[in-house]
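K.L.:
Right, I'll just put the structure down here and ask away after.
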Amino acid sequence: MRERYQRLEAQTRQRHGGGGVVNGDLGSIPLTSHVRPEPPLPEVLNEAAQASKDLLTQELRLAKAEMATKAKRAGKGAGLLGAAGITGLFALAAFSAAAILGLAVVLPAWLAAAIVGGVYAVIAGGFAAAGRAGVRSATPLFPQDTVRTLGSLGGTLGRAWRRGQA
C-alpha cells in the first residue's frame, strides 16, 4: 500500500512540476500554481478604497494645475485691462493738454484736442478688447475638465458597484 502512495506521489510531482504536494491524513493533494482563490471581501474593498484615493489625489493634482493655468490667463487679461486704464489716463491728459495748447494752434483748439484724444482713445480701446478676451478665455474660474472627469468617474463607479463589479 505504501508503494502505491509513493508511485502516485511521484506521478503527481511529474505532472505538477516536481513539487508542491501537501501530505495530510487524506494522502497527497497537489498544490497547483494556477489556482488562485478569490480574495476576501474586506481586501477587495480595501483595494477599491485605495484605488479611489489614488485616483482622487491625481484628479486633485490635475485640478490644481488647471487652476494655475487659468489664473495665469486671467492675470494676463487683467494686466492688459490695467494697461487700458493707464492709456485711458494718458488719453485724458492728452485731451487736457490739447485743449490748453490748441488755443495757440492754427486749427481751432477743440479740433486739435479731439484729434490727439481720439488717437489715445483708439489705443485704449485696443488694450481693453485684448484684455477682455484674455479674461474671457480663463473663465469660469473652476477646473471644468477635472469636474467633468470626476463626475464621469463617479457615475461609472456607481454603476459598477450596483452591478457588483467594484
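The values are calculated or read from the model by the stated rules, or taken from the named source; none is laboratory data. Small disclaimer: the values here were computed from a predicted structure and weren't measured. Heads up, the Cβs are rebuilt from the backbone with ideal geometry, glycines too, and the neighbour counts pull from every protein chain shown.
K.L.:
Of the residues Leu157, Leu81, which single one is at pLDDT below 75, in a helix (DSSP H, G or I) and within 29 Å of the chain's Cα centre (by Cα)? Don't jump to the end; show me each part of the working.
P.N.:
Working: Leu81 fails: at pLDDT below 75.
Of the residues listed, the single one that is at pLDDT below 75, in a helix (DSSP H, G or I) and within 29 Å of the chain's Cα centre (by Cα) is Leu157.
Rundown of residues vs (1) polar (S, T, N, Q); (2) farther than 30 Å from Thr156 by Cβ, yes/no style:
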| site | (1), (2) |
| --- | --- |
| Ala63 | no, no |
| Ala68 | no, no |
| Gly75 | no, yes |
| Val106 | no, yes |
| Ile115 | no, yes |
| Val119 | no, yes |
| Ala129 | no, yes |
| Gln144 | yes, no |
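K.L.:
In addition: Across the range 69-89, which residue is nearest to Gly126 (Cα to Cα) among those that are of a type in the set (Val, Ile, Thr) and surrounded by fewer than 17 Cβ atoms within 10 Å (Cβ to Cβ)?
P.N.:
Once the filter is applied, the top-ranked residue is Ile86.
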